[in-house]
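Working notes, structure below.
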Amino acid sequence: MPFTSELLSTLRLAAGEVDLNQLDPRATLRYDGDKGSAEEELVAVGKRLAEAQERLYSHRGDPDAKRVLLVLQGMDTSGKGGVIEKAVGLVNPQGVRITSFKAPTAEELSHDFLWRVEKAVPEPGYVGVFDRSHYEDVLIGRVRQLADADEVERRYSAINEFEERLAAGGVRILKCMLHISAEEQKSRLLARLDDPAKYWKFNPGDIDERALWADYRQAYEIALSRTNTDVAPWYVVPSDRKWLRNLAIAQLLTEALESFDLDWPSAEFNPVEQRRRLLEEDPIS
């Protein structure tokens with residue numbers, strides 16, 4: 001069967017406690033195609049996605065226009081960059097704002113952890129993408145003990161309140177956890193070390209972080225269960241198969257944009273009169 005809304009619904013995380021060991025990172029979600037057919041389908045989805053995004057972008061001058069925030073989280077090598085290239089890259093880049101959250105600066109550390117995130121929320125009419133996000137502050141913060149237990153606990157509630165406020169302000173939030181296996185991560189890291197053209201993608205610190213795999217998995221499970229809300233649910237996307245990951249997120253983004261059911265903005269001029277002027281009064285002709 002094609003990658004339909006029915007299949008997408010299986011990505012949405014159920015309420016309650018989360019056990020990532022029970023979610024298969026190589027799952028195909030009953031999609032009966034292969035890599036080739038998925039890539040063909042991605043082209044077709046891309047046409048819908050591009051039109052839906054252009055309709056959103058055409059309303060960017062309206063302060064009440066809708067907007068979309070795509071949050072990408074996942075272990076190292078899970079494919080956040082690949083999603084941005086293969087799925088988000090299908091739309092007009094003028095209407096996209098991508099933010100990659102690195103280690104906070106001294107100025108950012110002097111504020112609440114959401115201060116820098118607030119500044120990156122997309123403007124009306126835009127699609128925003130967070131390559132890593134405010135969730136780093138309850139993931140790395142917990143695993144690396146960069147914040148004490150009480151502060152980490154506070155942040156779960158702060159995130160939920162923040163996302164609820166965004167949703168109330170017209171932001172459609174798509175939170176995608178790119179779920180890969182430890183075996184696949186090792187394979188991808190080795191591929192980077194085996195190809196000089198990929199050395200730039202490799203960070204020796206990734207091996208140090210990999211040693212904390214179980215701790216990060218637990219941190220993800222807690223964060224997912226604590227912040228999986230009705231207004232900002234989590235989607236856990238099997239990501240060992242890159243082609244399925246890209247297609248799934250492109251389809252999620254397409255359906256989110258199409259759900260706005262936007263018309264093109266009405267002209268603020270008389271098109272008939274402007275056409276007459278161009279034909280009869282063109283200063284060049």
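The values are calculated or read from the model by the stated rules, or taken from the named source; none is laboratory data. Model, not experiment: these values are computed from the prediction. With ideal geometry, Cβ positions are generated from the backbone for all residues, glycine too; neighbour counts draw on all protein chains shown. Heads up: the accessible areas ignore ligands, DNA and RNA and are worked out on the full protein's heavy atoms, side chains in. Shrake-Rupley method; radii C 1.70, N 1.55, O 1.52, S 1.80 Å.
Residues in the range 43-56 that are open to solvent by 60 Å² or more (accessible area, probe 1.4 Å) and in contact (Cβ under 8 Å) with a residue 60 or more places away in the chain: Arg48 only.
Can you confirm whether Asp215 is surrounded by fewer than 17 Cβ atoms within 10 Å (Cβ to Cβ), part of a helix (DSSP H, G or I) and at pLDDT 95 or above?
Values: surrounded by fewer than 17 Cβ atoms within 10 Å (Cβ to Cβ): yes; part of a helix (DSSP H, G or I): yes; at pLDDT 95 or above: yes.
So Asp215 passes the test.
Matching residues to (1) in contact with a Lys or Arg (Cβ under 7 Å, 6 or more places away or on another chain); (2) over 27 Å from Arg142 (Cα atoms):
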position	(1), (2)
Glu183	no, no
Arg192	yes, yes
Ala197	no, yes
Trp200	no, yes
Asn203	no, no
Thr227	no, no
Asp230	no, no
Tyr235	yes, no
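In this structure, is Arg30 part of a helix (DSSP H, G or I), open to solvent by 60 Å² or more (accessible area, probe 1.4 Å), within 25 Å of Glu258 (Cα to Cα) and of a type in the set (Lys, Arg)? Judged against the criteria, Arg30 is not a match. Close contacts from the range 256-285, counting a first residue that is under 30 Å from Ala87 (Cβ atoms) and a second that is open to solvent by 80 Å² or more (accessible area, probe 1.4 Å) and assigned to a loop (DSSP other than H, G, I, E, B), with Cβ to Cβ under 8 Å and a gap of 6+ residues or different chains, come to Phe260/Lys66; Leu262/Lys66. Screening Asp208 with (1) open to solvent by 30 Å² or more (accessible area, probe 1.4 Å); (2) assigned to a helix (DSSP H, G or I); (3) at pLDDT 95 or above gives one miss only, at (3).
I need a count of the residues in the range 258-272 that are surrounded by fewer than 10 Cβ atoms within 10 Å (Cβ to Cβ), more than 25 Å from the chain's Cα centre (by Cα) and part of a loop (DSSP other than H, G, I, E, B). Before you say what the answer is, go through the steps one by one.
First, pick out the residues of the range 258-272 that are surrounded by fewer than 10 Cβ atoms within 10 Å (Cβ to Cβ): 261, 263-264, 266-269, 271-272.
Now drop any that are not more than 25 Å from the chain's Cα centre (by Cα), which leaves 264, 266-269, 271-272.
Next, from what is left, pick out any that are part of a loop (DSSP other than H, G, I, E, B): 264, 266-269.
Total meeting the criteria: 5.
Within the range 149-176, take every residue that is assigned to a helix (DSSP H, G or I) and touching a Gly at 6+ places or on another chain (Cβ under 9 Å) and give me the one that is farthest from Leu72 (Cα to Cα). Steps first, answer last, please.
Filtering the range 149-176 for residues assigned to a helix (DSSP H, G or I) gives 149-168.
From what is left, the residues that are touching a Gly at 6+ places or on another chain (Cβ under 9 Å) are 151-152, 155.
Numbers: Glu151: 23, Val152: 20, Arg155: 18 Å.
Restricting to residues being assigned to a helix (DSSP H, G or I) and touching a Gly at 6+ places or on another chain (Cβ under 9 Å), the top hit is Glu151.
For the range 1-23, how many residues meet the condition of being part of a loop (DSSP other than H, G, I, E, B) and open to solvent by 90 Å² or more (accessible area, probe 1.4 Å)?
Here is the first cut: in the range 1-23, the ones part of a loop (DSSP other than H, G, I, E, B) are 1-4, 10-11, 13-19, 23.
Next, only the ones that are open to solvent by 90 Å² or more (accessible area, probe 1.4 Å) stay: 15, 17.
Number satisfying all stated conditions: 2.
For the range 241-257, the set of residues classified as assigned to a loop (DSSP other than H, G, I, E, B) and in contact with a strand residue (DSSP E or B) (Cβ under 8 Å, 6 or more places away or on another chain) is empty. Of the residues examined, Ala158 is not one that is open to solvent by less than 80 Å² (accessible area, probe 1.4 Å) and either in contact (Cβ under 8 Å) with a residue 60 or more places away in the chain or farther than 21 Å from Val18 by Cβ (or both). Between Glu54, Glu40, the distinction of being assigned to a helix (DSSP H, G or I) and at pLDDT below 95 belongs to Glu40 only.
Looking only at the range 182-205, filter to residues that are polar (S, T, N, Q) and open to solvent by 20 Å² or more (accessible area, probe 1.4 Å); which one of those is farthest from Tyr57 (Cα to Cα)? Please lay out each step first, then the result.
At the first step, the residues of the range 182-205 found to be polar (S, T, N, Q) are 185, 187, 203.
Next, from what is left, pick out any that are open to solvent by 20 Å² or more (accessible area, probe 1.4 Å): 187, 203.
Details: Ser187: 39, Asn203: 36 Å.
That would be Ser187.
Do the conditions hold for Arg142, that is, is it touching a residue at least 40 places away in the same chain (Cβ under 8 Å) and within 12 Å of Gln73 (Cα to Cα)? Considered against the rule, which asks whether it is touching a residue at least 40 places away in the same chain (Cβ under 8 Å) and within 12 Å of Gln73 (Cα to Cα), Arg142 comes out as no. Return yes when Glu221 is open to solvent by 70 Å² or more (accessible area, probe 1.4 Å) and either of a type in the set (D, E, K, R) or at pLDDT below 95 (or both) and no when it is not. Answer is no for this residue.
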